[in-house]
Amino acid sequence: MEPINAPFNSSNTSTLVPVSKGTRFINALVDGILLGIVSNIISYTVLRGMNSGVGLSFLVSLVLQFFYYYMQEKSNGLTIGKRLTGTKAVMADGSPLTDEAARARSLWRLIPLLDALSFLFSDLGWHDKYSNTRVVSAK
């Protein structure tokens, strides 16, 4: 599968400061903990009385995860985790994220474990590669 946009070669690309995998991990950890807390609260308070089972809880968690990332990143490339580490998501050429790229990043994250494992073989996760985005220092 090809990225949504062809890579853009400009002098802007050389000024981007990519962040380390450790920083990316901290971003994912902070955002994951927040998502887990909210998801569990929703599952416990709303879905508990519905006898909905694990399937509906999992579906609610996926929808929540999509909107958590999409709504935050589409406006300024930031999530709560990225704010804490001073990083942001941008297009590969350094320009602000497009709506399409924010949506693609959020959708690729929904593939449990595989997106995270993609970092073992590359500096880019699938959600970066296939949305033609990067996470860089916001400083």
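The values are calculated or read from the model by the stated rules, or taken from the named source; none is laboratory data. Since we're looking at a predicted model, the values are computed, not measured. We place every Cβ from the backbone using ideal geometry, glycine too, and count neighbours over all the protein chains shown.
I need the full set of residues from region 81-91 which are of a type in the set (Gly, Ala, Ser) and either at pLDDT below 95 or not in a loop (DSSP other than H, G, I, E, B) (or both), in order please. Answer for region 81-91, where residues must be of a type in the set (Gly, Ala, Ser) and either at pLDDT below 95 or not in a loop (DSSP other than H, G, I, E, B) (or both): 81, 89.
When 60, 38 are screened for being assigned to a helix (DSSP H, G or I), modelled with pLDDT of 90 or more and farther than 30 Å from residue 17 by Cβ, only 38 passes.
List the number of the failed condition for residue 1; all other conditions in (1) at pLDDT 70 or above; (2) over 18 Å from the mean Cα position of the chain (by Cα); (3) exposed (fewer than 10 other Cβ atoms within 10 Å of the Cβ) hold. The one condition residue 1 does not meet is (1).
Working only within region 57-74, note down all residues that are under 13 Å from the mean Cα position of the chain (by Cα), surrounded by 15 or more Cβ atoms within 10 Å (Cβ to Cβ) and free of Cβ contacts under 8 Å to residues at least 24 places away in the same chain. Result: 72, single match. Considering the conditions (1) part of a helix (DSSP H, G or I); (2) out of contact with any Gly (no Cβ under 9 Å at 6 or more places or on another chain), residue 110 is excluded by exactly one of them, (1). Considering region 84-123, and only residues there that are of a type in the set (A, V, I, L, M), crowded, with 19+ Cβ neighbours inside 10 Å and under 19 Å from residue 26 (Cβ atoms), the residue that is farthest from the chain's Cα centre (by Cα) turns out to be 90.
Could you check region 15-35 and list, in sequence order, the residues that are within 18 Å of residue 77 (Cβ to Cβ) and in contact (Cβ under 8 Å) with a residue 60 or more places away in the chain? Within region 15-35, 15, 16, 17, 18, 19, 23, 24, 27, 28 meet the criteria.
Residues in region 117-133 that are touching a Pro at 6+ places or on another chain (Cβ under 8 Å) and in a helix (DSSP H, G or I): 129 alone.
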